[in-house]
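Undergrad: Sharing a structure, written as structure tokens. Questions coming.
Any read-out appearing in this document is the output of simple, stated calculations on the displayed coordinates, not a laboratory observation. These numbers come from a predicted model, not from an experiment. Positions of Cβ are generated from backbone atoms using ideal geometry, with glycine treated the same way; all protein chains shown enter the neighbour counts.
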Amino acid sequence: MVASKPRYRRCIVVDETRLRVKKVWVYVWSAVDVDSGELLALDVSYGRSCLNAITFLKKTLKLCSNKPLVIVDRGPWYRWALERLGLEYRVERFGLRNRVERFFRYLKERTMVFHHKMSARDYIQGVKNLKLFLNLYTIYYQTIKTGGE
């Protein structure tokens, strides 16, 4: 299930991973509701900074009617962004972060087919192709791979 409407969320997990587009590394950001397993947000950026984190978190919060507890890894870019938004957060390496890590594992398995390189003339077109692929992959992951949990 891909979330489409704002609703109460007790806890969400946010993480990022990197993928190669042409010869450039980009970061795929993901947010998952711990209780429902819904994918709340998915985005691509060229960097992994506090500004990227706050931009992604704002996008995620549009699907939350409250300010949920946010579980993150030890990435230094999260702390400032979460504090700036007034969000309660917890740093974990394992545990509740498993849902988002599993999503990324399946995503990387699928992109291995492309050798981590999205087809395009340049990396800008490659990022557009990656965003399209992620939209389609999200539907696959939420309905077929996980059995529509």
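Undergrad: Which order do the peptides 21-32, 72-83 come out in when sorted by mean C-beta neighbours inside 10 angstrom, highest first?
TA: Ranking the peptides 21-32, 72-83 by packing returns 21-32, 72-83.
Undergrad: Name the residue from TYR89, ALA53, PRO76 whose Cα lies farthest towards the positive end of the charge dipole of the range 52-99, charges +1 on Cβ of Lys and Arg and -1 on Cβ of Asp and Glu.
TA: Checking the options against the dipole of the range 52-99, the answer is ALA53.
Undergrad: By a straight-distance test (C-alpha under 12 Å), which aspartates and glutamates pair with LYS23 as possible cross-link partners, with residues fewer than eight away in the same chain excluded?
TA: ASP122
Undergrad: In addition: Give the cross-link partners of LYS128 among the aspartates and glutamates, using a straight C-alpha distance below 16 Å as the criterion and excluding same-chain residues fewer than 8 apart.
TA: ASP43
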